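Asks: Starting off with a structure, shown below.
The values are calculated or read from the model by the stated rules, or taken from the named source; none is laboratory data. As the structure is a computational prediction, the values presented were derived from the model and not from experiment. Cβ coordinates were reconstructed from backbone atoms using ideal geometry, including for glycine residues, and neighbour counts include every protein chain displayed.
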């Protein structure tokens, strides 16, 4: 059984090589993070396993990949890059990796929250431009953080936020319990939260979950943080709310279009702090990620 890591950047390639064991299935590392979908049939060259970091795999392209039977996607957001149900109909199984970067993403969520509350990025931009911008920030101690979705990342966010003196409430589609966190209805969360942070998986049910109607119902002056998926939010409604001040500030790591175009409306708003879908990027998370990818490959090879 052969595999190909189709879009490895150098950092992940080095980790992948280091974690290889003598009897592992043969996996070739294609050291090019900028692979286009139409190149995949040639890059895979008949391999049964494709390890994918961020390259789209349209169903039509998958049909051209002779021999492909497994996709090991490096993360949980495969639906942003492929249609797992359609691939399954072609006999291709999609394997996800969960939990590898819970702490990394949680820390980035907290960083975006604090940066948004104090306007750090905006002050930095203004000072570099020669302007001495001084505005009141939001003091977060004692404020309410609302978590929409409560998996491993949200649990880590809650741990850190509780330790900093925030009240933490959460809504989840299935019942959960976590020490110090009050689970409430979504309507109550939107009404009471000074900060709302998104932690849902993207699927057909959650696409556009934070709709214009829900944004209108949110507490005025809220900080919105999204380190999950851009498509969870009605982007146009969010932009309107940022312009009006209904949303005080947004800290965003994910977008509908990635990379975010330089002329995108979000880049023109002063009350938005942007990061480049990098919340999960730490050496520790990368180690966990590649170790889990190898475990998938080993399990697949054993049948």
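Asks: Pick from 40, 19, 12: which is in contact with a helix residue (DSSP H, G or I) (Cβ under 7 Å, 6 or more places away or on another chain), surrounded by fewer than 21 Cβ atoms within 10 Å (Cβ to Cβ), at pLDDT 95 or above and over 24 Å from residue 202 (Cα atoms)?
Replies: 19
Asks: Let me ask you something else. Checking residue 281 against (1) without any contact (Cβ under 8 Å) to a residue 24 or more places away in the chain; (2) part of a loop (DSSP other than H, G, I, E, B); (3) out of contact with any strand residue (DSSP E or B) (no Cβ under 8 Å at 6 or more places or on another chain), which test does it fail?
Replies: Checking residue 281 against (1) without any contact (Cβ under 8 Å) to a residue 24 or more places away in the chain; (2) part of a loop (DSSP other than H, G, I, E, B); (3) out of contact with any strand residue (DSSP E or B) (no Cβ under 8 Å at 6 or more places or on another chain), the one that fails is (1).
Asks: Does at least one position in the stretch 114-122 carry a residue that is in contact with a helix residue (DSSP H, G or I) (Cβ under 8 Å, 6 or more places away or on another chain) and under 30 Å from residue 293 (Cα atoms)?
Replies: no
Asks: What number goes with the only condition from (1) buried (at least 22 other Cβ atoms within 10 Å of the Cβ); (2) touching a strand residue (DSSP E or B) at 6+ places or on another chain (Cβ under 9 Å) that residue 106 does not pass?
Replies: Of the numbered conditions (1) buried (at least 22 other Cβ atoms within 10 Å of the Cβ); (2) touching a strand residue (DSSP E or B) at 6+ places or on another chain (Cβ under 9 Å), the odd one out for residue 106 is (2).
Asks: While we're on this one: Please enumerate the residues belonging to the stretch 251-303 that are more than 14 Å from the chain's Cα centre (by Cα), closer than 16 Å to residue 153 by Cβ and surrounded by fewer than 16 Cβ atoms within 10 Å (Cβ to Cβ).
Replies: Within the stretch 251-303, 284 is the sole residue that qualifies.
Asks: Answer with yes or no whether residue 111 is over 30 Å from residue 298 (Cβ atoms), assigned to a helix (DSSP H, G or I), modelled with pLDDT of 95 or more and more than 18 Å from the chain's Cα centre (by Cα).
Replies: No; evaluated as a whole, the condition is false for this residue.
Asks: Let me ask another. Please go through (1) assigned to a strand (DSSP E or B); (2) under 21 Å from the mean Cα position of the chain (by Cα) for residue 248 and return the number of the only condition it doesn't satisfy.
Replies: (2)
Asks: Look through the stretch 5-43, keep the residues that are part of a loop (DSSP other than H, G, I, E, B) and in contact with a strand residue (DSSP E or B) (Cβ under 7 Å, 6 or more places away or on another chain), and return whichever of them is farthest from residue 75 (Cα to Cα).
Replies: 25
Asks: Here's something else I'd like to know. Look through 77, 91 and report the one residue that is surrounded by fewer than 20 Cβ atoms within 10 Å (Cβ to Cβ), assigned by TED's automatic domain parsing to the domain that holds residue 62 and touching a residue at least 60 places away in the same chain (Cβ under 8 Å).
Replies: 77
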